[in-house]
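Take a look at the structure set out below.
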Amino acid sequence: MSVRSVFFVLIVVLAGLAGARAADDIKVPFNFRWGDSASLVESTIQRAQAHVVDRKMVNGRKVLVVEGHPDPRLKRSQFTFDNDTLIEVELQYSDSSWDREKFNTIFEQTRRNLDRKYGTSRNVARQTTKEGDVIQTVVGYEWTQSYTSLRLVLFTAERGAETFRMLSYHYRGF
């Protein structure tokens with residue numbers, strides 16, 4: 001191989017590497033950081049004029065349930081603390097004007113956008129079950145990085161003409 005050929009191959013490889021984009025870091029929502037205290041999170045929530053509607057213990061961990069976010073599609077968020085340090089955030093989105101097709105479209109667009117931003121996801125859930133006369137469907141994808149994981153989950157419960165749909169983001173720190 002001539003020097004000119006080696007030089008050409010090197011330029012092509014370097015151009016490809018320059019065009020390749022590293023995945024963005026998964027950030028904790030609302031500019032929080034893993035390890036923030038419950039009091040800091042709660043005071044920030046109050047300043048944003050959202051409301052803590054429930055404080056509960058789940059598996060020995062404190063959970064703040066928040067409603068009244070400025071975005072009306074964000075129906076509820078949950079902040080989980082272990083030893084007074086933030087370890088999980090869940091954001092639950094819904095809109096009664098979104099039908100099945102709109103929810104599925106939003107879910108797929110969101111998944112593709114997150115794939116572009118954080119790298120290729122892995123499917124972690126795809127199941128339909130029936131409990132009595134209610135059909136429940138769960139579809140979920142996950143992105144994992146060194147300190148944070150993000151799961152995108154579409155949940156649907158249908159009983160006759162009644163339908164409940166929720167799109168949620170589950171952030172977890174390691």
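If you scan segment 105-157, which residues turn out to be closer than 12 Å to L167 by Cβ, in contact (Cβ under 8 Å) with a residue 40 or more places away in the chain and not aromatic (F, W, Y)?
I106, T110, R111, L152, L154, T156 - these are the residues of segment 105-157 that are closer than 12 Å to L167 by Cβ, in contact (Cβ under 8 Å) with a residue 40 or more places away in the chain and not aromatic (F, W, Y).
Could you please let me know if E108 is within 17 Å of the chain's Cα centre (by Cα), within 23 Å of G35 (Cβ to Cβ), surrounded by fewer than 19 Cβ atoms within 10 Å (Cβ to Cβ) and of a type in the set (D, E, K, R)? So that I can check it myself, show each step before the final result.
Values: within 17 Å of the chain's Cα centre (by Cα): yes; within 23 Å of G35 (Cβ to Cβ): no; surrounded by fewer than 19 Cβ atoms within 10 Å (Cβ to Cβ): yes; of a type in the set (D, E, K, R): yes.
No; evaluated as a whole, the condition is false for this residue.
Keeping to segment 91-102, report how many residues are modelled with pLDDT of 90 or more and of a type outside the set (D, E, K, R). Quick ask: steps written out before the conclusion?
The initial filter retains those residues of segment 91-102 that are modelled with pLDDT of 90 or more, namely 91-95, 101-102.
From what is left, the residues that are of a type outside the set (D, E, K, R) are 91-94.
The qualifying residues number 4.
Specify the residue that is nearest to the chain's Cα centre (by Cα); the eligible residues are those in segment 111-152 that are in a strand (DSSP E or B) and among the charged types (D, E, K, R).
Looking at residues that are in a strand (DSSP E or B) and among the charged types (D, E, K, R), I get R151.
Residues that are over 20 Å from G140 (Cβ atoms), in contact with an Asp or Glu (Cβ under 9 Å, 6 or more places away or on another chain) and among the aliphatic types (A, V, I, L, M): which strands (runs of 3 or more DSSP E) entirely in segment 45-103 hold 1 or more of them?
Values: elements: 51-58, 61-67, 74-82, 85-93.
Output list reads 51-58, 61-67, 85-93.
For segment 99-152, give me each residue that is closer than 22 Å to F174 by Cα and among the polar types (S, T, N, Q).
The answer is T120, S121, N123, T144, Q145, S146, T148, S149.
The values are calculated or read from the model by the stated rules, or taken from the named source; none is laboratory data. From a predicted model like this one, the values you see are computed outputs, not experimental measurements. Neighbour counts are summed over all protein chains in view; Cβ atoms, including those assigned to glycine, are modelled from backbone coordinates with ideal geometry.
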